[in-house]
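Structure first, commentary second.
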Amino acid sequence: KRHLISTADLTRDDALLILDTAEEMAQVSTRAVKKLPTLRGRTVVNLFFEDSTRTRTSFEVAEKRLSADVVNFSAKGSSVSKGETLKDTALTLQAMGADAVVIRHGASGAPQRLAESDWLHGSVVNAGDGTHEHPTQALLDAFTMRRHLNPGLGRDLAGRRITIVGDVLHSRVARSNVRLLHTLGAEVTLVAPPTLVPYGVESWPCAVSYDLDAVLPKSDAVMMLRVQRERMNAAFFPTQREYSLRYGLDAKRAAALPDHAIVMHPGPMVRGMEIASEIADSARSTIVEQVANGVSIRMAVLYLLLGGSEPALSPARPSPA
Ligand code: CP
């Protein structure tokens, strides 16, 4: 049984294997015939309890490029709205012969629960759980950074300085990135308003700053995060003006970045809040490229989990609290 739940489960060799395999998958994506027969006859279910544009569609494209049979399940319009539990949903999918389940869920730990259960026998891939983890997002981000900052198969991001800015408190993208980037040797700095820094961040393998202007000139990549209003009490919403003044990336701030530095955002973005439109659409922005790279990463993950006869990744370990 093999799963991808957390970037904490990946060794450096695991991560490099996924990144290198994704480079090969990117070659497939440029061919006239984009399909590989690897997952022919396998059924992959995309089980989404939370909204998604990028992750859901890119998993579907990846699955189809590997010739899998794809089933898209959305909680909206399903029997979940009648009170059906995760267990009964999983048992139903198992009865229909799911070989893998890609799950996005609002509850942190839901994919881990599924992976540890005997409700499903197939692989579980975490497509984002609550504020916990979004491992394929971090992998596609590392893939994008590696292409721009340290090209070459088999190479990590040793010494590269990555700044992650914004609502870290609610960000599964930030958590997955901090763990993976640390494993790949990068130096990560989080910049956030004090109210959006998670409790216990001192134990994370990264630095924390409250001064974006001081950190930008020392950054090889800056990753802007969305303020996740849907996970906040309305009383704590920062106003757009006060937030963007201190933590938004506008043209004046971006000018302080080194010439080679890239600007990233996992999406969805709120233009004018955490990032100005002219920067999101600028030459140094990799936002659209990140989406394209997501297909290659998800092809690589599914190929490595389901495609070979032997386990290619280390067995999943329980995620740290
Ligand atoms: N980055 C990301 O997870 O986007 P979606 O919520 O659109 O999938």
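The values are calculated or read from the model by the stated rules, or taken from the named source; none is laboratory data. Fair warning: this is a prediction, and the values are worked out from it, not measured in the lab. Cβ atoms come from the backbone with ideal geometry, glycine included; neighbour counts cover every protein chain shown.
Residues of segment 203-259 being of a type in the set (D, E, K, R) and in contact (Cβ under 8 Å) with a residue 60 or more places away in the chain, which ones?
Scanning segment 203-259 gives 220, 226, 231.
Do we have any residue at all in segment 105-122 that's at pLDDT below 95, within 14 Å of the ligand (Cβ to nearest atom) and either outside the structural domain of residue 182 (by TED's automatic domain parsing) or touching a Cys at 6+ places or on another chain (Cβ under 8 Å) (or both)?
The answer is yes, given that some residue of segment 105-122 is at pLDDT below 95, within 14 Å of the ligand (Cβ to nearest atom) and either outside the structural domain of residue 182 (by TED's automatic domain parsing) or touching a Cys at 6+ places or on another chain (Cβ under 8 Å) (or both).
Collect the residues in segment 81-104 that are among the charged types (D, E, K, R) and more than 16 Å from the ligand (Cβ to nearest atom), keeping them in residue-number order. Lay out the reasoning, then the answer.
Step one: list which residues in segment 81-104 are among the charged types (D, E, K, R), which gives 82, 84, 87-88, 99, 104.
If the condition is that a residue be among the charged types (D, E, K, R) and more than 16 Å from the ligand (Cβ to nearest atom), then 82, 84, 87, 88, 99 are the ones that fit.
Name the residue that is surrounded by the fewest Cβ atoms within 10 Å (Cβ to Cβ), counting only residues in segment 252-278 that are more than 25 Å from residue 136 (Cβ to Cβ) and touching a strand residue (DSSP E or B) at 6+ places or on another chain (Cβ under 8 Å).
277
Identify all residues within segment 98-143 that are of a type outside the set (A, V, I, L, M, F, W, C), in a helix (DSSP H, G or I) and buried (at least 23 other Cβ atoms within 10 Å of the Cβ); write none if there are none.
Step one: of segment 98-143, the residues of a type outside the set (A, V, I, L, M, F, W, C) are 99, 104-106, 108-109, 111-113, 116-118, 121-123, 126, 128-137, 141.
Add one more test, that the residue is in a helix (DSSP H, G or I), and what stays is 111-113, 116, 135-137, 141.
Selection gives 111, 135, 136, 137, 141.
Of 75, 95, which residue is buried (at least 16 other Cβ atoms within 10 Å of the Cβ) and either more than 19 Å from residue 117 (Cβ to Cβ) or not aromatic (Phe, Trp, Tyr) (or both)? First the steps, then the outcome.
Values: 95 fails: buried (at least 16 other Cβ atoms within 10 Å of the Cβ).
From the options 75, 95, the qualifying one is 75.
Taking into account only those residues within segment 27-46 that are under 22 Å from the mean Cα position of the chain (by Cα) and at pLDDT 95 or above, which is surrounded by the most Cβ atoms within 10 Å (Cβ to Cβ)?
So, considering only residues that are under 22 Å from the mean Cα position of the chain (by Cα) and at pLDDT 95 or above, the one surrounded by the most Cβ atoms within 10 Å (Cβ to Cβ) is 44.
Looking at 39, 4, 16, which is the one that is within 16 Å of the ligand (Cβ to nearest atom) and not hydroxyl-bearing (Ser, Thr, Tyr)?
Numbers: 39 fails: within 16 Å of the ligand (Cβ to nearest atom); 16 fails: within 16 Å of the ligand (Cβ to nearest atom).
Among 39, 4, 16, only 4 is within 16 Å of the ligand (Cβ to nearest atom) and not hydroxyl-bearing (Ser, Thr, Tyr).
What are the residues in segment 17-36 that are aliphatic (A, V, I, L, M) and assigned to a helix (DSSP H, G or I), if any? Give the derivation first.
Narrowing segment 17-36 to residues aliphatic (A, V, I, L, M): 17-19, 22, 25-26, 28, 32-33, 36.
Across segment 17-36, the qualifying residues are 17, 18, 19, 22, 25, 26, 28.
Please find, within segment 127-177, the residue that is nearest to residue 193 (Cα to Cα) out of those that are within 13 Å of the ligand (Cβ to nearest atom) and acidic (Asp, Glu).
133
Would you mind stating whether residue 78 is of a type in the set (Ser, Thr, Tyr), more than 16 Å from the ligand (Cβ to nearest atom) and without any contact (Cβ under 8 Å) to a residue 40 or more places away in the chain?
Values: of a type in the set (Ser, Thr, Tyr): yes; more than 16 Å from the ligand (Cβ to nearest atom): yes; without any contact (Cβ under 8 Å) to a residue 40 or more places away in the chain: yes.
In short, yes.
Residue 51 - would you say it is among the acidic types (Asp, Glu), at pLDDT below 95 and either within 24 Å of residue 89 (Cβ to Cβ) or away from the ligand (no atom under 16 Å from the Cβ) (or both)?
Working: among the acidic types (Asp, Glu): yes; at pLDDT below 95: yes; either within 24 Å of residue 89 (Cβ to Cβ) or away from the ligand (no atom under 16 Å from the Cβ) (or both): yes.
Here the answer is yes, as residue 51 does meet what is asked.
Got at least one residue in segment 183-197 being surrounded by fewer than 17 Cβ atoms within 10 Å (Cβ to Cβ), in contact (Cβ under 8 Å) with a residue 60 or more places away in the chain, within 21 Å of residue 304 (Cβ to Cβ) and not aromatic (Phe, Trp, Tyr)?
Checked segment 183-197: no residue is surrounded by fewer than 17 Cβ atoms within 10 Å (Cβ to Cβ), in contact (Cβ under 8 Å) with a residue 60 or more places away in the chain, within 21 Å of residue 304 (Cβ to Cβ) and not aromatic (Phe, Trp, Tyr).
Could you please give the count of residues in segment 182-201 that are over 16 Å from residue 7 (Cβ atoms), among the hydrophobic types (A, V, I, L, M, F, W, C) and either assigned to a strand (DSSP E or B) or not assigned by TED's automatic domain parsing to the domain that holds residue 146 (or both)?
1
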